[in-house]
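Have a look at the structure below before the remarks.
The values are calculated or read from the model by the stated rules, or taken from the named source; none is laboratory data. Note that the structure is predicted; figures quoted are calculated from it, not measured. Please note: Cβ atoms are built from the backbone with ideal geometry, for glycine as well, and neighbour counts cover all protein chains shown. These area figures cover heavy atoms from the full protein model, side chains too; ligands, DNA and RNA do not enter into them. Shrake-Rupley method; radii C 1.70, N 1.55, O 1.52, S 1.80 Å.
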Amino acid sequence: MLLENTRELDFIKQETDFQTEHTGGDGWTILHGNALRLIRAFLPGSFDAVITDPPHARRAWSQSERSRTTNQKYSSMSPDKALPDFAGDQKDQRSWTNWCTEWLTEANRVCKPGAVLVVFIDWRMAPCLSDALQRADWIWRGQIVWDKQTCRPQRGRFRQQSEFALWASKG
């Protein structure tokens, strides 16, 4: 988001209690907080694109897997350097699809006509995401494959070295 002045950012932070994570470049700012609450603070038609990587809600098969934190599941950083854990990773497919529909609807509202949406997702949740973005009135345009090149080997299985991004447009 191109901010005209710091007062706009202060207003957003006051109303929604977000932290500025980083500012730089040509007037861009990264805000840290609950994305659904944050997006509701923006005016309609504010953005040309949304590029995001939401929690993928990768449900685990065992109780021990389900009780692991998101850092334990997804990060190889040492605990003293780890990023904060995040919520929303234990949803089932229906509740995750409903949640995505909710924030994708808000994203559609704050985007300009013709805006592009790119959402990174793993193969397990890509069908749910395609349903959610269409329910939120985005036009699903396709799927992009990200070849990670390196990944954890799995004995007796194909390596899961790809992730996907679904892309859509507003109109």
Any pair with Cβ under 7 angstrom, 6 or more apart, that starts in region 39-61 at a residue that is more than 22 Å from S95 (Cα to Cα) and open to solvent by 30 Å² or more (accessible area, probe 1.4 Å) and ends at one that is at pLDDT below 85 and β-branched (V, I, T): A41/I12; A41/T16
Looking at region 93-113, is at least one residue in contact (Cβ under 8 Å) with a residue 40 or more places away in the chain, in a strand (DSSP E or B) and closer than 12 Å to V50 by Cβ? yes
Inside region 20-78, can you point out the residues that are small (G, A, S), modelled with pLDDT under 70 and part of a helix (DSSP H, G or I)? S64
Which condition number does V118 fail, the rest of (1) surrounded by fewer than 20 Cβ atoms within 10 Å (Cβ to Cβ); (2) in a helix (DSSP H, G or I) being met? (2)
Any chance region 143-160 includes a residue that's open to solvent by less than 70 Å² (accessible area, probe 1.4 Å), touching a Leu at 6+ places or on another chain (Cβ under 9 Å) and touching a residue at least 12 places away in the same chain (Cβ under 8 Å)? no
For V145, indicate whether it is under 18 Å from the mean Cα position of the chain (by Cα), under 17 Å from D48 (Cα atoms) and in a strand (DSSP E or B). no
